[in-house]
1. What spacing in nm lies between the two simple spin-label points modelled at ALA87 and GLN138, each 7 Å away from Cα in the Cβ direction?
2. Assuming R0 = 41 Å, what is the FRET efficiency of LYS99 and GLU145, from their Cβ-Cβ distance, to the nearest 0.05?
3. Modelling each spin label as a point 7 Å along the Cα-to-Cβ direction, I'd like the ALA113/LEU170 distance in nm, to one decimal.
4. Grab the beta carbon distance between ARG198 and ARG52, set R0 = 35 Å, and tell me the FRET efficiency rounded to 0.05.
5. For ASP181 and SER125, what is the calculated FRET efficiency with R₀ set at 22 Å and r taken between the beta-carbons, to the nearest 0.05?
6. So for the chain, if I pair up every lysine 8 or more residues apart or on another chain, how many of those pairs have alpha-carbons under 26 Å apart?
7. Starting at the first residue of region 129-136, write each ³J(HN,Hα) from the Karplus equation 6.51 cos²θ - 1.76 cosθ + 1.60 with θ = phi - 60°, in whole Hz, x for Gly and Pro.
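Every number in this text was worked out from the coordinates using simple rules, so none of it is lab data. Nothing here was measured: the structure is a model prediction, and the numbers come from that model. Reconstructed Cβ throughout: ideal geometry from the backbone, glycine too, with neighbour counts over all protein chains shown.
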Amino acid sequence: MAGNHTLPELNYAYDALEPFIDEQTMRLHHSKHHMGYVNGLNAAEKALKEARESGDFGKIRDLERLAAFHGSGHFNHCLFWQNMTPADNYKDPSGDLLKQINKDFGSLDSLKAQFGAAAKAVEGSGWGLLCWQPAGEQLVTLAAENHQKQTQFTAIPVLALDVWEHAYYLKYQNNRGQYVDQWWNVVNWENVAENLARATQYKFELR
């Protein structure tokens, strides 16, 4: 229902991703930044509901922009948290996921190189995304500046890396590249595999 989004609980403690992502950043990122997107999305959806009920769409441009900004922030972060796991639990990708990676990128190292380059090259704030592209039946990397302007509309994100400064500045300061490189140590490839399995069920036909 509109305006009822909540902050998801993490599957690990705030300090569980140390030393690659520090506890203070995780605590602020989840409880403050992500919570801000949840509150903003709820407010925008409630305002849109009120506009529909009153028939007054004079502020529709601003409301749609707020819903896109906060909605993208909320849903991207939900994926981002699930895409990570403590380094002690890390396992390389395998099975169908690894087969798809090898098919589309040649190797896991090649995927990391392409994804990492895209994430590091985002101008300003944004995301690095690994997406399933139903139209081409392939995995693609996307560099999403900001997040409300991000998308190939048929692409389904299966792995997300937040490269807004609040995700890394306390530990890595302005060295985004080091943050991106170290992040691979906590990627939850099992979750990525689950996301890919669901995404590939969607069929997109060009007619």
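1. Computed distance between label sites ALA87 and GLN138 equals 3.4 nm.
2. Working: r = 31 Å, r/R0 = 0.76.
Rounded to the nearest 0.05, the efficiency is 0.85.
3. Result for the modelled spin labels: 3.5 nm.
4. Details: r = 31 Å, r/R0 = 0.89.
Computed FRET efficiency for ARG198 and ARG52: 0.65.
5. Details: r = 19 Å, r/R0 = 0.86.
With R0 = 22 Å, the Cβ-Cβ based efficiency is 0.70.
6. Pairs that pass both the separation and distance tests number 27.
7. So the Karplus estimates, Gly and Pro as x, are 10, 9, 10, 8, 9, x, 4, x Hz.
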